[in-house]
Amino acid sequence: MHVALPPRRSRRIIGLLIGALAGALALTGTLALTSSPSSASLQTAAAEPTAINGYRNVGYFVQWGVYGRAFKLKQLETSGVADDLTHLNYAFGNIHHQTLTCFEANKAQGEGPNGSDGAGDAYADYGMSYAADASVSGTADTWDQPLAGSFNQLKQLKAKHPGLKVLLSIGGWTWSKNFSLAAATPESRRTFVSSCIDLYIKGNLPVIDGRGGPGAAAGVFDGFDIDWEWPGSPNGNTGNHVDPANDRANFKALLAEFRSQLDALGSTTGKDYQLSAFLPANPQDITAGGWNDPAIFNSLDFGNIQGYDLWGAWDPTLTGHQGNLYADPADPRPDGKRFSVDESVRKYLDAGVSPSQLGLGMAAYGRGWQGATSADPWGPATAAAPGTYEAGNEDYDKLKTRGTDHYDAATGAAWRYDGNQWWSYDNTRTISQKASYAISKRLGGGMWWELSGDRQGELIGTFADAMRNGTGGPVEPDPTTSPTPTPTPTPTDPPAGAAAWSATTVYVAGDRVTYGGHLWEAKWWTQGNTPGTEEWGPWKDLGTA
């Protein structure tokens, strides 16, 4: 569970047509098994960009990490973790309780009587100024630039890693409250999706404290990650709007609306915008939301299955595994309460979802108890163990040397015990085992919640290296990220008044300049972006000037 404190388009369209001709052919909760019939399905695995031997490696970067955690995007660059990622999901975007749209605001969580309603952190997103030593590019922000904060750092990270795709993740545990309302009608779905595209893809940010403006964040995001926890299910956060009768169908329709509008935009920009989802592990939630309906993967490029939070100190008296790969025969809990990653993965595969569209979710943190009297799993305890940010929860970086390490290959589980505290977590051995599992199942890769828990990339790099050294994965490379011959420019006579480019001048869409012997046209608002230096930058090369 995600806590908020804590040939591509043509192939997709072919899949939709085939489906129609065949007969109208994603932090805590109580888990309960339900049955779901297997069904055959025609799947078209969308090609995704990857630098890791045909696999995705997706990492979540949390909005609030720049504060108490002091974790900023430059650390992905200096640690080398950015080289091990194919996708970065920025968490999270919220849904406004009145307009049912994506929005930006500076309003603290919990203000007013309705909790998450209206909460947002535009300051972290695009308001915070970065000094040169904290910036990915090594350049300090200026007081008058329209885009600062993490959004600008994401832009700089992408400039250094052109193959990295950045998705805006909407929802999470705390900000899924209004998903059901936003998805309820065709009109509300169209309005909601359009607002998200306008805000995050087109980059039309509201001006807040001098930052933002039309097109200010254009080019930062390559699509969306949908983290609705959970459609049709009572297992989400207290206060969530839930429609058990209609959420499942509305969720499917919402994904189709995202796909339709993203593809429509792509037809005008030449980009293929991506859509992913955070997939539940809980069989009850899977069934309630229709998450393993293969038809929703005609809209999704891929989804990542939650492979953690299978147990935790919400029961303070019993230790146990939070991310075990296989079922543990020693698990004393009753039928319907014993869980494993493998069980969750099979829930999707048995329903006919293509394995190439599934990622295995892994945690860069552990869950723990204190007052534990046994080093073995499923022993007695008295309370949640103390954690840096939350009781019962601690980062991998802080756990990896605590007490004595234990590993059980039969269950694919690891834990640490110091005579009092008992912590379930992943280490390099369990990650290697999970990587082998993903390769054997022909899954599309893996996902990490969240990056600040493994700052030097010990776990993330272990998984990435296993992908590099294993059998080639099922995810095709994105041809747009492969070296291609540079086309011969078509000479274009510059219009009268096309001046030389200036780093201090503000340009808007349609403005033309000369630079390096070529004529360039601005695709959106820009200042200080040198023409021709960014693959997906704001300047279109019109040929020799």
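The values are calculated or read from the model by the stated rules, or taken from the named source; none is laboratory data. All values reported here derive from a predicted model rather than from experimental measurement. Methodologically, a virtual Cβ is constructed for each residue, glycine included, from the backbone with ideal geometry; neighbour enumeration extends over all protein chains shown.
If I ask for residues that are surrounded by fewer than 24 Cβ atoms within 10 Å (Cβ to Cβ) and out of contact with any Asp or Glu (no Cβ under 9 Å at 6 or more places or on another chain), which ones from the range 175-192 would you list?
Matches in the range 175-192: Thr185, Glu187, Ser188, Thr191.
Taking only the range 108-142 into account, find how many residues are at pLDDT 95 or above, surrounded by fewer than 18 Cβ atoms within 10 Å (Cβ to Cβ) and part of a loop (DSSP other than H, G, I, E, B).
7
Looking for whichever is in the same structural domain as Asn152 (by TED's automatic domain parsing), within 19 Å of Ser169 (Cβ to Cβ) and at pLDDT 95 or above here; the options are Gly223, Gly210, Gly312, Gly290. Which one fits?
That would be Gly223, the only listed residue that is in the same structural domain as Asn152 (by TED's automatic domain parsing), within 19 Å of Ser169 (Cβ to Cβ) and at pLDDT 95 or above.
Just to be sure I understand the filter: pairs with C-beta atoms under 8 Å, separated by 6 or more residues or on different chains, first member in the range 491-516 and at positive phi, second member modelled with pLDDT under 80 and surrounded by 12 or more Cβ atoms within 10 Å (Cβ to Cβ). Which pairs pass?
So the pair list comes out as Gly510/Ala522.
Of everything in the range 315-343 that's surrounded by fewer than 23 Cβ atoms within 10 Å (Cβ to Cβ) and hydroxyl-bearing (Ser, Thr, Tyr), which residue is nearest to Ser432 (Cα to Cα)?
Checked the range 315-343; the qualifying residue nearest to Ser432 (Cα to Cα) is Tyr326.
If Thr287 meets every condition in (1) in contact with a Leu (Cβ under 7 Å, 6 or more places away or on another chain); (2) among the polar types (S, T, N, Q); (3) under 20 Å from Arg346 (Cα atoms); (4) surrounded by fewer than 24 Cβ atoms within 10 Å (Cβ to Cβ) apart from one, which number is that one?
The single condition Thr287 does not satisfy is (1).
In this structure, is Ala218 in contact with a Lys or Arg (Cβ under 7 Å, 6 or more places away or on another chain), in the same structural domain as Leu254 (by TED's automatic domain parsing) and either among the basic types (Lys, Arg) or closer than 15 Å to Ala256 by Cα (or both)?
In short, no.
Name the residue that is modelled with the highest pLDDT, counting only residues in the range 505-545 that are of a type in the set (A, V, I, L, M) and under 22 Å from Pro214 (Cβ atoms).
Per the criteria, the residue is Val513.
Report, by residue number, each residue of the range 342-365 that is within 16 Å of Trp291 (Cα to Cα) and in a helix (DSSP H, G or I).
Matches in the range 342-365: Glu343, Ser344, Val345, Arg346, Lys347, Tyr348, Leu349, Pro355, Ser356, Gln357.
For the range 243-272, which residues satisfy the criterion of being among the hydroxyl-bearing types (Ser, Thr, Tyr) and under 21 Å from Ser188 (Cβ atoms)?
Ser260 - this is the single residue of the range 243-272 that is among the hydroxyl-bearing types (Ser, Thr, Tyr) and under 21 Å from Ser188 (Cβ atoms).
Restricting to the range 272-326, count the residues that are part of a strand (DSSP E or B) and either over 30 Å from Ala383 (Cβ atoms) or in contact with a Ser or Thr (Cβ under 8 Å, 6 or more places away or on another chain) (or both).
The qualifying residues number 10.
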